[in-house]
Amino acid sequence: MEKHLGEEGMSLANEDREQHQIVKELLYKLDSLTPGTSEHHDTLKEVIDHLKPHNDSEEINDLPRLEQALGKEASKEAAAAFSRTKKFVPTRAHPSAPNKPPYETLVGFLALPIDRLKDLFASFPTEDMKERMERHENNTLKTT
C-alpha cells in the first residue's frame, strides 16, 4: 500500500498497523484465558467488536484504492502472492514482535515453527484418536 499510494498509502498502512497491534494484544490475552469464563467471553467480544469495523474499512476504503492504483492484472498477482504468504506467517498472536518489514518477516519466520508445534499439541490427541483408544481399551477388557 505504501509503495503504490504514496503518502496516503503510508498513512493507511500505519493506521492498519495500529489496529492490527490492538487485535494482536487482545488475541494474545484471549489465548491465556479459559474458554467459557466471563473474561474469555468479554475479550472475545472485544476482539470481534474491534475487527468488524476495521475489516469493513479495509474492504470498503483501502482495498479499492489499492486495486485502482495497481490495475486488474497486478491486483490479481498481489492477491495470489498474499495467498502464498499466508502459508508462512505465524498462527498465533505475537504483540511484541516488530510490525514492519523486514523485521516483521524475519520474526514471523522464526515464530512459525513454534506456533505450528503449539497448534499440533493443542489438538493432540484428536477426538478420533481418543475414540480409537477407548475402543481398544474396551476390546482389551472384554478379552481378559
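The values are calculated or read from the model by the stated rules, or taken from the named source; none is laboratory data. Being a predicted model, the structure only gives us computed values, none of them experimental. We place every Cβ from the backbone using ideal geometry, glycine too, and count neighbours over all the protein chains shown. These accessible areas exclude ligands, DNA and RNA; they are computed on the full protein's heavy atoms, side chains included. Shrake-Rupley method; radii C 1.70, N 1.55, O 1.52, S 1.80 Å.
So that you can scan it fast, the table gives a plain yes or no per residue for (1) of a type in the set (Ser, Thr, Tyr); (2) over 30 Å from Pro35 (Cβ atoms):
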{"residue": "His54", "(1), (2)": "no, no"}
{"residue": "Gly71", "(1), (2)": "no, yes"}
{"residue": "Ser96", "(1), (2)": "yes, no"}
{"residue": "Lys100", "(1), (2)": "no, yes"}
{"residue": "Glu104", "(1), (2)": "no, no"}
{"residue": "Pro113", "(1), (2)": "no, no"}
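Is it the case that the stretch 1-8 has a residue that's modelled with pLDDT of 95 or more, surrounded by 12 or more Cβ atoms within 10 Å (Cβ to Cβ), over 14 Å from the mean Cα position of the chain (by Cα) and not hydroxyl-bearing (Ser, Thr, Tyr)? No, that holds for no residue. When residues in the stretch 25-60 are screened for being assigned to a helix (DSSP H, G or I), open to solvent by 50 Å² or more (accessible area, probe 1.4 Å) and farther than 21 Å from Ala79 by Cβ, 16 of them pass. Among residues of the stretch 91-131 being part of a helix (DSSP H, G or I) and in contact with a His (Cβ under 9 Å, 6 or more places away or on another chain), the one that is most open to solvent (accessible area, probe 1.4 Å) is Val107.
Listed by first and then second residue, the pairs linking a residue in the stretch 65-76 that is touching a residue at least 24 places away in the same chain (Cβ under 8 Å) and of a type in the set (A, V, I, L, M) to a residue that is surrounded by 12 or more Cβ atoms within 10 Å (Cβ to Cβ) and not in a helix (DSSP H, G or I), with Cβ atoms under 8 Å apart and 6 or more places separating them unless they lie on different chains, are Leu66/Met1. Considering the stretch 77-109, and only residues there that are among the basic types (Lys, Arg) and free of Cβ contacts under 8 Å to residues at least 12 places away in the same chain, the residue that is nearest to Met10 (Cα to Cα) turns out to be Lys86. Among residues of the stretch 110-127 that are farther than 11 Å from Phe88 by Cα, those with a beta-carbon under 8 Å from a residue that is open to solvent by 80 Å² or more (accessible area, probe 1.4 Å) at least six positions away or on a different chain give the pairs Pro125/Met133.
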